[in-house]
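The values are calculated or read from the model by the stated rules, or taken from the named source; none is laboratory data. If you're wondering where the values come from, they're calculated on a predicted model, not measured in any experiment. Here Cβ is always computed from backbone atoms with ideal geometry, including for glycine, and neighbour counts include all displayed protein chains. The protein model used for the area step is the full one, side chains on, heavy atoms only, and it has no ligands, DNA or RNA in it. Shrake-Rupley method; radii C 1.70, N 1.55, O 1.52, S 1.80 Å.
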Amino acid sequence: MTPTSLYRMGLIEAAQAIRRGDFSSEDLTRALLERIARHENTVQAFQWIDPARALDLARQADRRLRSGEALGPLHGIPIGIKDIIETHGILTTMGSPIFDSYVPARSATLVHRAEAAGAFVLGKTVTTEFAFYTPGKTRNPWNPAHTPGGSSSGSAAAVAMGFLPGAVGTQTNGSVIRPAAFCGAVGYKPTAGLISLSGVHPFSPSLDQAGVFTRSVPDAAFLAAVLAGKTDFEPATGTEKGVITSEVAPMVHPPRLAAVRSPVWHLADPHAQAHFLEMVARLRAAGAQVEEKELPPTFEGAHAVLRTIMYGEGARVFAELQRRDRGRLSPRLNALIDEGLGITDPDLARELAKKELLARELDGFLSAFDGLITPPTLGEAPADLTQTGDPAFCTIWSLCGVPAVTIPTGRGPAGLPFGLQLVGPRSTDDRVLPVALWCDERVGWSQRVVGHSSGNDEYGHVRLEA
């Protein structure tokens with residue numbers, strides 16, 4: 001691999017190569033910055049980036065390696081951090097003009113953990129306004145006329161475009177899984193609470209969850225394990241409840257899967273429906289036991305439960321900001337706050353109780369399976385930059401706080417990625433990740449960096465240089 005093509009390397013692969021001395025952190029960082037310089041004007045994944053700072057941090061990492069210092073598992077690896085996550089000394093705008101000059105005095109816990117493991121922040125990735133629906137500037141890496149999804153739009157696009165080997169996002173409804181699927185990356189949202197949200201701007205505290213973007217399932221598991229504060233990076237035994245397996249062991253036997261169309265199946269476009277059914281058939285042909293199931297009738301109202309909680313809690317989080325700065329909030333966010341302020345405390349408490357009941361019921365439903373498969377999105381990324389796409393296929397899993405992984409599985413008729421979402425009960429990340437890896441190895445799409453598939457260098461209507 002030539003120095004300029006190092007951007008194609010995965011996170012674990014690059015970390016191991018740096019430790020062996022195959023190349024330096026500075027070599028990797030230069031390759032990423034060259035890739036960014038070539039394509040960022042089109043993709044616009046970053047809200048903040050300082051190439052000189054990144055190169056200085058890479059050189060510092062290389063000096064520590066040469067000096068024989070104890071190294072973390074991500075030593076010298078540049079990553080991206082969603083711009084609602086506080087980073088010490090680095091601009092953190094929350095996707096809003098209200099915070100356009102805000103520089104935090106300290107970093108979020110997850111940033112501290114990444115840096116303690118040897119990684120460094122190459123850039124802050126674009127978020128929608130306060131991680132809601134008003135889009136930022138980012139474009140889909142496969143075609144800049146299409147949305148990258150949201151709200152973690154910049155993180156998904158940056159990883160898919162080869163700007164970063166890994167990036168961090170958040171999900172309240174569908175903000176990790178949806179953009180990962182739209183951009184052709186692996187997206188992983190662990191069980192709610194496994195990654196600390198201290199230092200992450202809240203939206204709906206009962207629903208907010210952190211997640212990661214990479215180009216492989218093992219990379220996603222590894223990065224998430226770092227962010228969750230796992231310090232023992234030996235293969236997991238599986239005995240610790242809720243563990244994120246930093247090393248994903250292959251499954252000994254094919255998995256037993258529930259193929260769930262879910263209550264929003266009718267919203268999916270025909271191509272997405274056909275693709276999902278094709279994935280079911282291919283997994284069966286590969287040896288998986290796939291049973292087509294539907295969720296219990298109680299889940300018909302799950303989307304309404306999430307909406308009430310999200311709007312009710314969101315209004316309480318942003319009410320004071322609206323009072324001071326209504327004119328600088330988007331119409332979408334103002335409308336949410338206005339509606340949410342009409343949700344009473346007893347109404348909100350009732351829906352939170354329903355949330356926990358649904359989560360318990362889902363855990364029980366999934367207990368008979370190694371995992372559940374379902375579409376991650378309604379279809380390909382819409383050709384509409386005024387929206388981020390519908391998160392409907394993520395809502396139930398976010399509401400219940402269960403682990404979810406999406407893997408890229410092909411492209412649709414418009415040439416943009418399709419994906420497959422895998423879900424498990426709460427605190428079974430150590431089971432869900434091996435299932436995701438098994439499925440990825442059998443139906444996953446090999447194209448994980450835009451512009452490199454059988455010599456294809458097409459990026460929307462823009463010709464890429466290799």
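Filter the stretch 363-390 for residues that are aliphatic (A, V, I, L, M) and open to solvent by less than 10 Å² (accessible area, probe 1.4 Å); which is farthest from residue 182 (Cα to Cα)?
Just the residues of the stretch 363-390 that are aliphatic (A, V, I, L, M), to begin with: 366, 368, 372-373, 378, 381, 383, 385.
Now restrict to residues that are open to solvent by less than 10 Å² (accessible area, probe 1.4 Å): 366, 372-373, 381.
On the way: 366: 26, 372: 20, 373: 17, 381: 5 Å.
That would be 366.
What are the residues in the stretch 411-425 that are open to solvent by less than 10 Å² (accessible area, probe 1.4 Å), more than 25 Å from residue 362 (Cβ to Cβ) and assigned to a strand (DSSP E or B), if any?
417
Can you tell me which residues in the stretch 102-145 are assigned to a loop (DSSP other than H, G, I, E, B), open to solvent by 20 Å² or more (accessible area, probe 1.4 Å) and in contact with a strand residue (DSSP E or B) (Cβ under 9 Å, 6 or more places away or on another chain)?
The initial filter retains those residues of the stretch 102-145 that are assigned to a loop (DSSP other than H, G, I, E, B), namely 102-108, 117-119, 126-128, 132-139, 141-142, 144-145.
Then keep just the ones that are open to solvent by 20 Å² or more (accessible area, probe 1.4 Å); that gives 102-103, 105-106, 133-137, 139, 144-145.
Once the filter is applied, which keeps residues that are assigned to a loop (DSSP other than H, G, I, E, B), open to solvent by 20 Å² or more (accessible area, probe 1.4 Å) and in contact with a strand residue (DSSP E or B) (Cβ under 9 Å, 6 or more places away or on another chain), the stretch 102-145 yields 136, 137, 144.
Could you list all residues from the stretch 47-85 that are under 18 Å from residue 161 (Cα atoms) and not aromatic (Phe, Trp, Tyr)? Let's see the steps before the verdict.
Taking the stretch 47-85 as the starting set, the residues that turn out to be under 18 Å from residue 161 (Cα atoms) are 47-49, 51, 77-82.
47, 49, 51, 77, 78, 79, 80, 81, 82, listed by residue number.
Restricting attention to the stretch 71-91, does a residue exist that is open to solvent by 40 Å² or more (accessible area, probe 1.4 Å) and over 30 Å from residue 171 (Cβ atoms)?
yes
From the list 302, 249, pick out the single residue that is at pLDDT below 95 and within 23 Å of the chain's Cα centre (by Cα). Let's see the steps before the verdict.
Details: 302 fails: at pLDDT below 95.
Testing whether each residue is at pLDDT below 95 and within 23 Å of the chain's Cα centre (by Cα) leaves just 249.
Which residues, taken from the stretch 5-52, are among the hydroxyl-bearing types (Ser, Thr, Tyr) and farther than 19 Å from residue 123 by Cβ? Write out each step before concluding.
We begin by selecting, within the stretch 5-52, every residue among the hydroxyl-bearing types (Ser, Thr, Tyr); these are 5, 7, 24-25, 29, 42.
Selection gives 5, 24.
Between residues in the stretch 435-451 that are open to solvent by 10 Å² or more (accessible area, probe 1.4 Å) and modelled with pLDDT of 95 or more and residues that are part of a loop (DSSP other than H, G, I, E, B) and among the β-branched types (Val, Ile, Thr), which pairs lie under 9 Å by C-beta distance while being six or more apart or on different chains?
Taking only residues 6 or more apart or on different chains, the pairs are 437/248.
Among the residues of the stretch 352-397, which ones are assigned to a loop (DSSP other than H, G, I, E, B) and among the hydroxyl-bearing types (Ser, Thr, Tyr)? Can you show your working first?
Taking the stretch 352-397 first, the residues assigned to a loop (DSSP other than H, G, I, E, B) are 367-370, 375-394.
Within the stretch 352-397, 367, 377, 386, 388 meet the criteria.
Quick grid of which residues meet (1) crowded, with 22+ Cβ neighbours inside 10 Å; (2) in a helix (DSSP H, G or I); (3) in contact with an Asp or Glu (Cβ under 6 Å, 6 or more places away or on another chain):
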position	(1), (2), (3)
15	yes, yes, no
28	yes, yes, no
33	yes, yes, no
48	no, no, no
53	no, yes, no
56	no, yes, no
64	no, yes, no
